[in-house]
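Student: This is the structure I want to talk about, given as structure tokens.
Every read-out reported here was derived from the displayed coordinates using simple, explicitly stated rules and does not represent laboratory data. Just so you know, these numbers come straight off a predicted model, no measurement behind them. Cβ placement follows ideal geometry from the backbone for every residue including glycine, while neighbour counts extend to all protein chains displayed.
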Amino acid sequence: MSLVNFTTREITCKIVYYGPGRSGKTTNLHYVYGRVPETRRGRMVSLATQTDRTLFFDFLPIDLGQISGFSTRFQLYTVPGQVYYNATRRLVLQGADGVVFVGDSQARQLDENIESLQNLQSNLLEHGVDVRAVPLVMQYNKQDLPPELILTPPELDDALNFRSVPSFPADALHGTGVFETLKSISELVLKKLATGSPTT
Amino acid sequence: MTTSLNPRFTFETFVVGAANRLAVTAGRTVAENPGSAYNPLFIYSSSGLGKTHVLMAIGQAVKAIAAQLNIEYLTLDEYVEAFHAAIAAGQGDAFRRRFQNVDVLLVDDVQFLTNRKEMQAELLRLTEALQQAGHQIVLASDRPPAEIADLDERLISRFSGGLVVDMGIPEYETRVAILRRKAEERGQNFQPGVLEAVGKVEFPNVRELMGALNRLIAYQAVNDVPLNEEAVRKVLGIPTVDSSTAASSTVASPTAASPDEFSQFLTDVTATVGKAVEAWRARVAEAVMRWEGEGYRTGRLEKLLHQDTPAAVDEVITAYVQDVERLKALEAEVAVLDPQAAGDKVFRDPDEMDAAEAAAAKVRDGAAPPPAPSAAFALDGFYAGASNEIALNAAREVIAKPGKKYNPLVLVGKGGLGKTHLLNAIGLELAKKKNAVVACLSTQQFVDELIAAIDGNRVDWWRARYRRATAFLLDDIQLLGGKERTQEELFNLFNQFLDADRQLVFTAPAHPNTLEGLEERIVSRLEGGLVAEIQEPDKDLKRSALERLLKSQRVSADGALLDYLVDRPVESVRTLGALVQRVTEAAAAQDAAVSAGLAREVLEGPPAPRPTKGLRTSGIVVSSAGGVRSREKMVWDWPAAADRVIEELR
């Protein structure tokens with residue numbers, strides 16, 4: 001996937017929301033979907049099980065229109081969180097320009113978070129990509145839950161964010177932190193434009 | 001005199017929404033590349049929508065980027081005032097110099113130019129000077145340039161020459177965002193839903209929106225209880241909305257998030273892309289978009305985009321644009337010659353200029369040249385005389401003002417009187433004019449060509465050959481008689497030429513309306529110009545023609561010879577030429593000088609032998625003015641008287 005296609009003058013950012021099952025990746029997309037004017041967004045494709053778990057992946061294309069002569073598009077994907085859908089995760093991850101790691105702030109989910117992060121790393125490696133080379137931001141979701149159930153952002157940073165990437169506390173259900181996260185990952189991804197972006 | 005920039009009016013404090021994004025983006029671009037991006041930038045909107053804010057924000061941004069630049073913000077009224085003051089003080093030149101040295105000129109309220117002719121002239125001059133020096137001008141008005149009453153056309157075109165953007169009324173999301181920001185700036189907290197309720201009111205402009213906010217702040221200050229949604233409605237006199245929309249509004253406005261998150265996000269991304277995509281890339285991309293939109297291939301520009309730091313981007317764009325202009329010119333030229341060839345994609349690829357030039361040349365060659373006038377018939381060589389005076393004068397008029405005076409010109413006269421000569425002579429003279437393409441041919445050739453074109457299935461091409469001509473001269477149009485298709489073609493060509501004021505000249509042996517087989521529509525068009533008749537040559541004409549003919553044969557023309565030849569009955573100059581030819585050839589063969597006697601001998605036969613073998617001549621002497629015309633009709637040898645039978649005497 002090319003980030004910037006000079007021939008067609010398109011900027012296409014593929015951003016993948018990664019994280020353990022039930023951490024709120026699809027909720028992030030739903031919130032974004034609700035805020036994007038109809039004319040700007042494509043159909044959100046969501047393949048979910050009957051219990052609303054993402055079976056395959058969610059896909060939300062957003063058209064930002066002409067920016068500096070480039071037709072700019074964002075494609076937001078989520079991966080299925082459940083462990084046994086790893087093949088799908090790897091597929092969705094292919095050609096990602098940036099990754100949002102949506103962590104579950106609940107203390108009891110910490111292991112799942114760590115496991116998912118490791119899974120991200122190994123899946124990227126399978127595509128021959130070093131996790132350090134991919135724009136990444138962390139989102140600590142469900143910060144609206146009672147304090148006794150969750151870890152604070154600094155605690156989560158300590159546990160998960162060893163690369164010190166930008167991190168955001170969030171309440172995806174109500175939208176807190178959703179656009180902050182998206183904005184941050186967009187900036188990281190778009191900054192690659194300046195530093196000689198991959199064109200293939 | 002000049003208003004200083006209000007530090008509160010920056011891009012950071014400006015709430016961007018769909019209605020003003022273009023203006024703000026353009027403003028930012030201008031601030032980052034003053035004088036090169038959009039010059040002038042013309043922003044218009046109704047009052048209270050943020051023109052002044054954007055104008056000042058541009059000034060602030062320029063200042064932040066390049067502090068050394070000279071920025072001037074002023075309203076038109078201030079400009080006028082300054083101008084009048086300067087004139088009154090006799091400092092007009094100093095005034096002009098002052099503004100010509102401004103790097104970024106921001107003029108507000110340009111609509112007040114109405115009915116100020118002298119200010120318009122002054123501003124036009126200033127705009128030109130600033131633009132030439134590459135300095136930036138940004139103008140704001142409450143209406144687009146074309147709608148400013150009584151505004152000089154030149155100013156309109158100048159103003160519109162850069163970028164004209166408008167700012168609309170902010171939509172709900174932007175209104176709420178503005179309210180939030182302003183409330184925040186003033187350290188005011190409102191209960192959830194309060195600002196959303198205000199935002200739902202469609203104020204015609206932001207100023208009134210601010211007025212509403214002020215009222216709320218004032219109200220909240222005097223009441224200890226914070227305002228709730230309902231109180232807001234009362235304060236602002238908003239009718240209560242029905243419960244369903246109220247309910248949905250609370251759902252749609254989660255407390256933590258502002259509703260214009262997407263707009264904000266879009267603005268941020270735009271800024272990020274703007275930073276990431278270097279300015280030159282943006283310029284190239286815009287050029288690519290523009291020319292691609294017009295159907296030109298942009299490979300050359302796209303190649304630039306693939307490079308990291310290409311040198312001389314602007315030069316490449318300029319060269320590209322020049323090539324495109326050249327292609328346009330070529331295509332236009334080809335379109336006249338061969339409409340089908342003009343659609344060729346070779347005229348859309350500036351990277352293949354050679355191919356385009358070659359294709360155009362091919363069309364040009366293929367179409368060109370229509371048969372040209374014969375160089376043998378110079379106007380100088382045409383013998384003037386009373387018999388052809390009208391025709392010659394008409395020809396001179398046609399040469400002087402082709403297409404304007406006599407169009408068409410029809411030269412009428414019997415064969416050999418010089419119609420063809422005059423026709424070609426006109427053609428030769430017309431061909432001397434700049435860019436002239438003169439088609440001069442016989443009708444027979446015209447017909448033959450058409451038949452060949454029909455046969456070769458290239459009638460369009462054939463037509464194009466003649467359509468590009470600037471003058472069309474056709475000899476012997478009587479030959480058109482009965483040739484319907486040719487007449488049809490000629491009729492169309494005729495109309496095209498007449499419409500375009502291009503000259504048509506024809507020759508015919510007789511008046512067009514006496515020619516057989518010619519369609520009425522052609523005849524009437526021929527009659528519509530000037531029909532000039534050429535008469536049989538008169539003596540003067542013959543004499544001058546003879547003098548010239550003899551001279552050209554290096555024969556000294558003595559009076560007797562001239563008198564003799566002039567008196568020879570000839571129908572045309574052509575026959576006269578033949579006579580001279582015979583005489584001079586005979587003189588050459590006999591190695592004798594050309595004289596009247598020799599001429600007579602050649603033309604009338606050797607003088608009668610004096611009586612021989614009993615034969616006698618009649619003794620009749622043929623006078624030079626005599627009634628006996630030819631040698632053949634003379635009875636030279638009479639029988640002897642004895643042999644004569646005179647019946648009456650019998």
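Student: Nearest 10 degrees is fine. How inclined is helix B:21-32 to the longest principal axis of chain B, computing both from alpha carbons?
Tutor: Orientation of helix B:21-32: about 80 degrees from the principal axis.
Student: On average, how many beta carbons from a partner chain sit within 10 Å of the beta carbon of a residue in A:65-77?
Tutor: 5
Student: In region B:50-81, which residues have a backbone nitrogen under 19 Å from the label point lying 7 Å from B:Glu12's Cα in the Cα-to-Cβ direction?
Tutor: Within reach of a label on B:Glu12: B:53-68.
Student: Out of all DSSP beta bridges in the protein assembly as shown, what portion is antiparallel? Express it as a percent rounded to 5.
Tutor: 25 percent
Student: Using a Förster distance of 30 angstrom, determine the FRET efficiency expected from the C-beta separation of B:Ala82 and B:Ser160, and round it to 0.05.
Tutor: With a Förster radius of 30 Å, E is 0.70.
Student: Using a 7 Å offset from the Cα along the Cα-to-Cβ direction at both A:Lys191 and B:Glu208, what is the distance between the two label points in nm, to one decimal?
Tutor: 4.5 nm
Student: Then there's this: By the gyration tensor of its Cα atoms, with a ≥ b ≥ c the square roots of the eigenvalues, what is the shape of the protein assembly as shown: rounded for a/c under 1.5, prolate for a/b over b/c, or oblate?
Tutor: prolate
Student: What trypsin sites (Lys or Arg not before Pro) in region B:158-219 are in a loop by DSSP, with at most 15 other Cβ atoms within 10 Å of the Cβ?
Tutor: Hits after loop and neighbour filter: B:Arg186.
Student: Relative contact order for chain B: what percent, with Cα pairs under 8 Å and sequence separation of 6 or more?
Tutor: Relative contact order here is 9 percent.
Student: Compute the signed sum of charges (Lys and Arg +1, Asp and Glu -1) over the other residues within less than 10 Å, Cβ to Cβ, of A:Ser71.
Tutor: Taking every Cβ under 10 Å from that of A:Ser71, the sum is 0.
Student: For a quick check, take a GNM of chain A with Cα springs below 10 Å and name the residue from A:Phe59, A:Phe74, A:Phe162 with the largest mean-square fluctuation.
Tutor: A:Phe162
Student: Moving on to the next point. Over chain A, calculate the relative contact order: mean separation of alpha carbon pairs under 8 Å at least 6 apart, over the residue count, as a percent.
Tutor: So the answer I get is 25 percent.
Student: Given the C-alpha centroids of region B:491-529 and region A:104-152, what is the distance between them in whole angstrom?
Tutor: A separation of 91 Å, based on Cα centres.
Student: Okay, moving on. Specify whether the C-alpha gyration tensor of region B:21-166 places it in the rounded, prolate or oblate class, a ≥ b ≥ c being the square roots of the eigenvalues: rounded for a/c under 1.5, otherwise prolate if a/b is larger than b/c and oblate if not.
Tutor: oblate
Student: Working out 0.36 nm times the residue gap between A:Ala159 and A:Val131, then minus their Cα-Cα distance, what length gain in nm do you get to one decimal?
Tutor: In short, 8.4 nm is gained.
Student: What is the dipole size for the protein assembly as shown, taken about its Cα centre, with +1 at each Lys and Arg Cβ and -1 at each Asp and Glu Cβ, in debye to the nearest 20?
Tutor: With Lys and Arg at +1 and Asp and Glu at -1, about 1600 debye.
Student: On to the next question. Quick check: net charge around B:Gly293, other residues with Cβ under 14 Å of its Cβ, Lys/Arg +1 and Asp/Glu -1?
Tutor: Result for the neighbourhood of B:Gly293: +1.
Student: Right, next: Given a Förster radius of 45 Å and the C-beta distance between B:Asp150 and B:Ala361 as r, what FRET efficiency does 1/(1 + (r/R0)^6) yield to the nearest 0.05?
Tutor: Computed FRET efficiency for B:Asp150 and B:Ala361: 0.35.
Student: Counting each DSSP H run of 4 or more residues in the protein assembly as shown as -39500 (n - 2.57), what helix-only mean residue ellipticity at 222 nm follows after dividing by all residues, to the nearest 500 deg cm²/dmol?
Tutor: -14500 deg cm²/dmol
Student: Determine the dipole magnitude for region B:539-609: charges of +1 sit on the beta-carbon of Lys and Arg, -1 on that of Asp and Glu, nothing else is charged, the reference point is the Cα centre, and the result goes in debye to the nearest 20.
Tutor: 260 debye
Student: Return the distance in nm (one decimal) between the two label points of a simple spin-label model at B:Ala400 and B:Lys434, each offset 7 Å from Cα along Cα→Cβ.
Tutor: In this crude label model, B:Ala400 to B:Lys434 measures out at 2.1 nm.
Student: Determine the gain in length on full extension of the stretch B:Glu184-B:Lys63; use 0.36 nm per residue of separation and subtract their C-alpha separation, reporting nm with one decimal.
Tutor: 40.9 nm
Student: Rounded, prolate or oblate: which one fits region B:386-533, using the alpha carbon gyration tensor with axes a ≥ b ≥ c (rounded when a/c is under 1.5, else prolate when a/b beats b/c, else oblate)?
Tutor: Oblate.
Student: Gap in Å between the Cα centre of region B:392-441 and the Cα centre of region B:49-102?
Tutor: 63 Å
Student: Students often forget the sequence filter, so: which aspartates and glutamates lie under 18 Å Cα-Cα from B:Lys404 once same-chain residues fewer than 8 apart are removed?
Tutor: B:Glu429, B:Asp499, B:Asp501, B:Glu527
Student: Something else: Where does the charge balance sit around B:Ala386 when Lys and Arg score +1, Asp and Glu -1, over other residues with C-beta under 9 Å from its C-beta?
Tutor: Local charge sum for B:Ala386: -3.
Student: Within straight cross-link reach of B:Lys539, meaning Cα distance under 21 Å, which lysines are found once same-chain residues fewer than 8 apart are removed?
Tutor: B:Lys414, B:Lys419, B:Lys551
Student: If you take the beta carbon distance between A:Asp111 and B:Gln307 as r and set R0 to 56 Å, what does 1/(1 + (r/R0)^6) give as a FRET efficiency, to the nearest 0.05?
Tutor: For A:Asp111 and B:Gln307, the calculated efficiency is 0.70.
Student: Right, here's the next one. Beyond 30 Å between alpha-carbons counts as too far, so tell me which of B:Lys51/B:Lys117; B:Lys328/B:Lys433; B:Lys63/B:Lys200; A:Lys25/B:Lys200 fall in that bin.
Tutor: Cα-Cα > 30 Å for B:Lys63/B:Lys200; A:Lys25/B:Lys200; rest within.
Student: Exactly which GluC sites (Glu not before Pro) in region B:505-582 are in a DSSP loop and have at most 12 other Cβ atoms within 10 Å?
Tutor: Passing both the DSSP loop test and the Cβ count: B:Glu516.
Student: Roughly how far apart, in whole Å, are the Cα centres of region B:159-236 and region B:1-45?
Tutor: 22 Å
Student: Right, next: At what distance in nm do the modelled label points of B:Glu128 and B:Ala386 sit from each other, each positioned 7 Å from its Cα along Cα→Cβ?
Tutor: The two pseudo-label positions are separated by 6.1 nm.
Student: Okay, moving on. Just to be sure I understand: of the beta bridges DSSP finds with both ends in chain B, what percent are antiparallel, rounded to 5?
Tutor: Percent antiparallel among DSSP bridges in chain B is about 5.
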